[in-house]
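Asks: Have a look at this one before I ask anything.
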Amino acid sequence: MNSLQRFHPLFLLTYYALTIGLASYMMHPLVLAFALVMTVLHVALLTSFMQAIKDVLYYGIYGSLLAVMYSAFSHNGITPLFFYNDNAITKEAIVYGAMLGMLLVLLVFCWQSLLLTMQTNHFLFLFTRLHPKVALVFIMVFRFIPYIREHWQQHVLAQKGGHYFETTSRFDRMGRYATLQFHTLMQAIDSVMWKPTVMNSKGYAKQRTQFQLFRWHVRDTVIVIVTLGAAAMALYSVPSFRYYPATDSLTLPPHAFIAIIILYALPVVLEGKEQLSWYYAKSNM
Amino acid sequence: MKKDALIVTLIICACIFLFSGTKFQSVDEYYLTNLDAITADSHVVTLEIRADTATKHLARIDQSIHPYIPADGVMLAKQTYVLRDGDTVFDIVNRAVRHHRLQMEYEGAEFNVFNSVYIQGIQHLYEFSCGPLSGWMYEVNGEFPNIGVSQYKLHDEDTITVHYTCDLGRDLGYEWEAAR
């Protein structure tokens, strides 16, 4: 079990909203780099290191493409490297594009971390009290892609067993993958569309509430205070970083650094502690 | 499948890169713009680039841009340039900034509905740097033409001044047609 799942769903949602929101707002290279490393570590601890590294390399290529393409649109900056079609390709634009690419990869991993931490029952608990339809919309939005991924892997394994992809043509194989993806998507939409009808028949739209699995504990109060304090300190002390016309120097005051460490290293520390305890207990068996 | 998606994305990027046309120039090659020598029978125009309004509203402008705004507001002093056949205001401005190694960013005529080049920034002073009503405007012979910078055809002895405005031209004494 994910160690963060011990905490109240309201804290979890607030935490992820704060971390994603602050990183996007501050756009400081050191903050982005640290946030990315910590988020990748958290996902690696929950899944596997090899898979996390492969994902970093895969999404990193898209991030790099973004860095290169961005400099084709923005030509501000005091350091032109060369001119492409009479437009300056500047070092500052490439740096900003690279930061946007890093932010994109960070968002992907934050999303993975969120979906590994918050399950369907968390969303149901949070939003059913507001309105059952709102809860269902959030579940459809947040769980749709993981649902498709799980079923896609099952379908691919089943079809591989039936030798469906064994063709000599690469494009024919791509076409068969596309067909299978289409059918998986249709099945997922169909299943998602039926869910409101099922819940409606069980009475969720008529004053029935989700059984309360989550209660507010003292540890939730403590962690909320720590997180909000760190976020406020980060917002107050991290200086605004300018990319144009000249890139600012990479400095962070010590208290800003401490705030960032507390905010972004929290899941890794909690999960790392649990996993170390588990391996220690296992080694004593 | 993920590898195939990446290959397709890279192929699309390569096609965009190739079909958009490719002209690479080093920094020195780009700025190596020689101005035509003025002879007795040359047609000439004068050009000046000023940012006086920016110097008056420095508090509204981000501090990182202040070092690039001259104290007297003169980004390019008044100078005479040879007018070639068919030259527009943009042609003269482009040639002058390249010769004097000034930074300029512009949007090509094919990217807007007015079918004219649009100057976004000169010397890192961009549109909206001094608020939502700021940007670059130009006047020829004391009047502000209401057409794009690459649409105005110049004549002999014209005087061009490119100004930065913080109030949609009102701080330069210009009133828009609708307000007249």
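Asks: Out of the chymotrypsin sites (Phe, Trp or Tyr not before Pro) in the range B:1-102, which ones are loop residues according to DSSP with at most 15 other C-beta atoms within 10 Å?
Replies: On the way: sites: B:Phe17, B:Phe19, B:Phe24, B:Tyr30, B:Tyr31, B:Tyr68, B:Tyr81, B:Phe90; in loops: none.
Sparse-neighbourhood loop chymotrypsin sites (Phe, Trp or Tyr not before Pro): none present.
Asks: Right, here's the next one. Just for the range B:27-172, what percent of DSSP beta bridges are antiparallel, to the closest 5? Please list the in-between numbers first.
Replies: On the way: 20 of 25 bridges.
Around 80 percent of the beta bridges assigned by DSSP in the range B:27-172 are antiparallel ones.
Asks: Also: Sort out for me the Cα centre separation of the range B:109-163 from the range A:33-67, rounded to whole Å.
Replies: Computed from Cα coordinates, the inter-centre distance equals 45 Å.
Asks: Averaged over B:22-30, how many beta carbons belonging to a partner chain fall within 10 Å of each residue's beta carbon?
Replies: Numbers: counts 2, 5, 5, 6, 4, 6, 0, 2, 6.
Mean shielding count: 4.
Asks: Using a Förster radius of 25 Å, what is the FRET efficiency between A:Ser240 and A:Val68 based on their Cβ-Cβ separation? Nearest 0.05, please.
Replies: Details: r = 26 Å, r/R0 = 1.03.
Approximately 0.45, to the nearest 0.05.
Asks: Could you sort A:276-282, B:157-163, A:234-240 so that the peptide with the highest average Cβ count within 10 Å comes first and the rest follow in order?
Replies: Values: A:276-282: 9.6, B:157-163: 18.6, A:234-240: 16.1.
The most tightly packed comes first, giving B:157-163, A:234-240, A:276-282.
Asks: In whole angstrom, how far apart do the alpha carbon centroids of the range A:247-285 and the range A:142-171 sit?
Replies: 36 Å
Asks: Taking the Cα centre of each part, how many Å lie between the range A:76-120 and the range B:28-54?
Replies: 37 Å
Asks: Given a Förster distance of 51 Å, report the FRET efficiency between B:Glu107 and A:Thr167 from their Cβ-Cβ distance, rounded to the nearest 0.05. List each step's numbers first, then the result.
Replies: Working: r = 48 Å, r/R0 = 0.93.
In this case the efficiency is close to 0.60.
Asks: Follow-up question, since we're still on this one. Local charge sum around B:Ile119 (other residues, Cβ-Cβ under 10 Å, Lys/Arg +1, Asp/Glu -1)? Each step should come with its number before you reach the end.
Replies: Values: positive: none; negative: B:Glu105, B:Glu107, B:Glu127.
It works out to a net charge of -3.
Asks: Considering only DSSP states other than H, G, I, E and B, which chymotrypsin sites (Phe, Trp or Tyr not before Pro) in the range A:1-78 qualify as loop sites with at most 13 other Cβ atoms within 10 Å?
Replies: Numbers: sites: A:Phe7, A:Phe11, A:Tyr15, A:Tyr16, A:Tyr25, A:Phe34, A:Phe49, A:Tyr58, A:Tyr59, A:Tyr62, A:Tyr70, A:Phe73; in loops: A:Phe7, A:Phe73.
For chymotrypsin sites (Phe, Trp or Tyr not before Pro) across the range A:1-78 that sit outside H, G, I, E and B with at most 13 neighbouring Cβ atoms in 10 Å, the list reads A:Phe73.
Asks: So if I average 1/r over every pair of distinct C-alpha atoms in the range A:85-191 and take the inverse, what Kirkwood radius in Å does that give?
Replies: Working: mean 1/r = 0.0570 Å⁻¹.
Across the range A:85-191, the inverse of the average 1/r is 17.5 Å.
Asks: What's the average, rounded to a whole number, of partner chain beta-carbon atoms within 10 Å of each residue's beta-carbon in A:79-90?
Replies: 5
Asks: What does the C-alpha gyration tensor say about the overall shape of the range B:1-89? Classify as rounded when a/c is under 1.5, otherwise prolate if a/b is larger than b/c, or oblate. Intermediate results must be reported in sequence, preceding the final value.
Replies: Values: a/c = 3.66, a/b = 1.50, b/c = 2.43.
Here the range B:1-89 falls in the oblate category.
Asks: Could you tell me, in Å, what Rg and Dmax come out for the Cα atoms of the range A:1-150?
Replies: Spelled out, the Cα radius of gyration and Dmax of the range A:1-150 are 18.6, 58 Å.
Asks: Same structure again: Output wanted: per-residue J couplings in Hz (rounded whole) for the range B:156-168, from phi through Karplus 6.51 cos²θ - 1.76 cosθ + 1.60, θ = phi - 60°, x for Gly and Pro.
Replies: Along the range B:156-168, the couplings run 4, 6, 5, 10, 10, 10, 9, 10, 9, 10, 10, 9, 6 Hz.
Asks: If you restrict to DSSP beta bridges whose two residues both lie in the protein assembly as shown, what percentage is antiparallel, to the nearest 5?
Replies: Antiparallel: roughly 85 percent of the beta bridges in the protein assembly as shown.
Asks: Pull out a ≥ b ≥ c, the square roots of the eigenvalues of the alpha-carbon gyration tensor of chain A, then state rounded if a/c is under 1.5, prolate if not and a/b is larger than b/c, and oblate in the remaining case.
Replies: Values: a/c = 1.75, a/b = 1.17, b/c = 1.50.
In terms of gyration-tensor shape, oblate.
Asks: With a Förster radius of 51 Å, plug the Cβ-Cβ distance of B:Ser26 and B:Arg170 into 1/(1 + (r/R0)^6) and report the FRET value to the nearest 0.05. List each step's numbers first, then the result.
Replies: Working: r = 42 Å, r/R0 = 0.83.
That pair, B:Ser26 with B:Arg170, gives E of 0.75.
Asks: To the nearest 20 debye, what charge dipole does the protein assembly as shown have about its Cα centre, counting +1 at the Cβ of each Lys and Arg and -1 at the Cβ of each Asp and Glu? Provide the component values of the computation, followed by the final result.
Replies: Numbers: 34 positive and 36 negative charges, 731 e Å.
The calculated dipole for the protein assembly as shown is roughly 3520 debye.
Asks: In deg cm²/dmol and to the nearest 500, what is the mean residue ellipticity at 222 nm of chain A if only DSSP H runs of at least 4 residues count, each as -39500 (n - 2.57), divided by the residue total?
Replies: Values: 9 runs with 206 residues, N = 285.
Result for chain A: -25500 deg cm²/dmol, rounded to the nearest 500.
Asks: Quick one: Karplus J couplings for the range B:123-134, per residue in order, coefficients 6.51, -1.76, 1.60, θ = phi - 60°, nearest Hz, x for Gly and Pro?
Replies: So the J values, rounded to whole Hz, are 6, 6, 9, 9, 4, 6, 5, 10, x, x, 10, 9.
Asks: Is it possible to state the helix-based mean residue ellipticity at 222 nm for chain B, with each DSSP H run of 4+ residues giving -39500 (n - 2.57), the sum divided by total residues, to the nearest 500 deg cm²/dmol? What is it?
Replies: Values: 4 runs with 39 residues, N = 180.
When only DSSP H runs of four or more count, the value is -6500 deg cm²/dmol.
Asks: Where does the range B:27-172 land on Rg(C-alpha)/(2.2 N^0.38 Å)? Before the final figure, lay out the partial values.
Replies: Values: Rg = 15.1 Å, N = 146, 2.2 N^0.38 = 14.6 Å.
With N residues counted in the range B:27-172, Rg over 2.2 N^0.38 Å equals 1.03.
Asks: Mind checking how much accessible area B and A bury in total, 1.4 Å probe, in Å² rounded to 100? Each step should come with its number before you reach the end.
Replies: Values: alone 11240 and 16980 Å², together 25640 Å².
Using a 1.4 Å probe, the pair buries roughly 2600 Å².
Asks: Considering the dipole of the protein assembly as shown built from charges on the beta carbon (Lys and Arg +1, Asp and Glu -1) around the Cα centre, which of A:His122, A:Ser277, A:Leu13 is farthest to its positive end?
Replies: With unit charges placed on the Cβ atoms, the residue in question is A:Ser277.
The values are calculated or read from the model by the stated rules, or taken from the named source; none is laboratory data. Note that the structure is predicted; figures quoted are calculated from it, not measured. Heads up, the Cβs are rebuilt from the backbone with ideal geometry, glycines too, and the neighbour counts pull from every protein chain shown. Protein only, heavy atoms only, side chains kept; ligands, DNA and RNA dropped before computing areas. Shrake-Rupley method; radii C 1.70, N 1.55, O 1.52, S 1.80 Å.
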